[in-house]
Structure formats: structure tokens, C-alpha cells
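What follows is a set of notes on a single structure, which appears directly below.
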Amino acid sequence: FFGGFNRESSRIRTTRLGLSGTISTLLGRLTNLEDFSIEGNAFTGTLPPDVGTLVSLKSFLIGASQRYQRGRTVFLIGNKFTGSIPSTIGRLTSLERFDVSYNDLSSSLPDDFYDLEKLKYFGFDGSGFSGTISTLIGHLTNLEYFSIEDSSFFGTISFIIGNLTSLKTLDISGNDLSGVIPNEFYDLERLVTFNCESNFLSGTISSLISRLTDLEEFNVDKNFVNGTIPPTIANLTSLKEFWLSSNQLSGTLPDGLYTMDSLTQFTCSRNSLFGTISTSINRLSNLEWFYIDGNSFTGTIPDELARLNSITWIK
């Protein structure tokens, strides 16, 4: 497929058309191509090395773009490319968006990939990749979106992550990462979404979290994070979702929690927290979920919680 397009074509967009087949090596002749978007189809085969000749390319999107849910099962409709990403991808120096999510790709990313210094969007969710997150990622200083959800990456989060100062979304959930969240992470002051759920991360949540004033979601569920919830979370005035469940946190809920009036979802279930729930919870006028089960809290649930107009789940 794609061999019949005009050589002057600058865009191929066939999203969600139910197409199948393989990518022809003739694709490499479309040297004026800037946008290659074929998400949500049924293409198979490997990615030809000739893709490296598409030096004008800005978007390369071949991942899943449709998902529907039946009961508790989420179904993804997308392509099933196999093999590895060719090293020639490093020649695409104009590339800004790259998404191969939910294919059946294997191996690790070629080092040449990290030469794509204009890259802003990097999607590798559920694509079978393994290995460590290379320190070469520090070269991608224009990166705004980085997601490797449900993959097989292992190793630690390098301090080099602090170089990615344009980053707004960082999703590393569902991998085998270990070690601590480095202090350099808290230099990502444009960060809006952080999700590292279901890994093997340990260490504490640093008081430096107060720097992340644009943060709207912070999710460390299902790790081994310990220590206390830092009082400096009071600075996170944009935070809407705060997920801390299934860790090893201790101490009490800090007073600063009750000043976070943008908060809609707060979960700290299955930790070692104690103390009481303050009546100041009435300040959280947007709160919808409040999960604190599996801890050692004492006293009563304040009436102020039940009176919140927005509350839908208490556990």
C-alpha cells in the first residue's frame, strides 16, 4: 500500500478507514511527505528502512486511535506492525510527532532516534518495547508529550529527565521501573500530567513538588513510595487528581491538602497513614472521590465531607 501516491504528496491521512496490507518500500520515494497518519487501521508487516528518506516528515502516526469498552475490558483498534524501528529513523530531523502505540514492535529504541531534536510528541504505549530509558533522551529538549504506558521498560529514571523542560505529559505507568524519582524531575515546571502507576519505584515524594504549579494529575499508585505526604503540596493549586494508593506512605494528611480547592479525586488507600480527617475538608468544593481505606485513621468522618455537593465516592 501507498506505492500509488504522487511523489509530490505532502500528506497521507487514512485514519480509521479499516484499511489493511503492508507499507510499500515505495513510500520512501515520497520525499515531500510531511504528514503520515494511518492510525486505527489494520496494517501489518515491518517498517521499511526507506522511511529514513522522508526528510520532510513532521508527523509519523501509526498507533491505535480507537478504543471502546465492554464491561471492564478496553478494546483497541489499530495496526499490528512487527519487527523493530529502523535506525534510519534518526535521519528525520524535521519530525515533531511520532506514535507507534499498541503495535507488536520489539527490541529497544535505536540510539539514532534521540537525534530527533525537534520531536514534541513521543507515543509508545503498549508496543512491546523493552530495555532502559536511555540517557540520550536528554537531547529531546522540545519534547512535550512522552508516554510509554504498558510497555516493558526497566531500570531507573535518570536525572537527565530534568533536561526536558518543555514536558507537559509524562506517562511511564505499567512498566518495571525501579529506584527513586530523582530531584531533577521537579525541574519540569511545565508538567501538567505525571503518571508512574504500577512500577517498582521507591523513595519519597520530595518537598520540591511545590515547583510543579501547573500540575493537574499526579499518580504514583501501586509502587513502593514511602515517607510522608509533603506539606508543600499546598502550592499545587491546579492539581485535580492526586493518586497515592498502594504504597508505603506514613504520617498524617497535611493541612495543605485541605487548601487544594481544584482537587476532584484524592486516593491514598492501602498505606500506613494515621490521624484524623479535618473538618477543613469542606474547602474542597470540587471533590468527587475520597478514598482513604486500608490505613489507620481514627475518629469520625466529618459531616462536612458528606455535605460537599460534588462528592460521589467515599471509601
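Comparing Cys268, Ile314, Phe159 along the charge dipole axis of the chain, the residue lying farthest to the positive side is Ile314, per the Cβ-charge model. The number of Lys pairs in the chain with C-alpha atoms less than 20 Å apart, excluding pairs fewer than 8 positions apart on the same chain, is 9. When the GluC sites (Glu not before Pro) in the range 196-244 are filtered for DSSP coil states and for at most 13 other beta-carbon atoms within 10 Å of their beta-carbon, no site remains.
In the chain, the DSSP-assigned H stretches of four residues or longer account for a calculated mean residue ellipticity at 222 nm of 0 deg cm²/dmol, using -39500 (n - 2.57) per stretch and the full residue count as denominator.
Within the chain, DSSP assigns beta bridges of which about 10% are antiparallel (rounded to the nearest 5). Of the options Phe297, Phe242, Leu105, report the single residue whose Cα projects farthest towards the positive end of the charge dipole of the chain (beta-carbon charges: Lys, Arg +1; Asp, Glu -1). So the residue furthest toward the plus end is Leu105. Spin-label pair Asn226-Thr22: with each label point 7 Å from Cα along the Cα-Cβ axis, the two points sit 5.3 nm from one another.
The structure shown yields Cα extents along the principal axes in Å, and of the options (i) 54, 45, 40; (ii) 58, 52, 41; (iii) 71, 40, 27 that calculated value carries the label (iii).
With R₀ set to 45 Å, the beta-carbon distance separating Glu117 from Ser202 gives a calculated FRET efficiency near 0.90.
Magnitude of the Cβ-charge dipole of the chain, K/R +1 and D/E -1, about the Cα centre, nearest 20 debye?
The dipole of the chain has a size of about 680 debye.
Sorting the segments 33-45, 293-305 by their mean number of nearby beta carbons within 10 angstrom, highest to lowest, gives 33-45, 293-305. One decimal place: the segment Ser296-Asn183 gains 37.7 nm when fully extended, by the rule 0.36 nm per residue minus the C-alpha distance.
Each part reduced to its alpha carbon centroid, the range 263-278 and the range 108-174 end up 31 Å apart.
Treating each Cα of the range 217-299 as an identical point scatterer and summing with the Debye formula, the log10 of I(q)/I(0) at q = 0.10, 0.17, 0.23, 0.26 Å⁻¹ comes to -0.20, -0.61, -1.20, -1.53.
Distance between the modelled labels on Ser87 and Asn32, one decimal in nanometres: 3.2 nm (7 Å Cα→Cβ projection).
Tell me, what is the percent relative contact order of the chain, built from C-alpha pairs under 8 Å that lie six or more residues apart?
8 percent
None of the figures in this text is laboratory data; all of them are computed from the coordinates on show. Computed from a predicted model, the values in this text were never measured in an experiment. Positions of Cβ are generated from backbone atoms using ideal geometry, with glycine treated the same way; all protein chains shown enter the neighbour counts.
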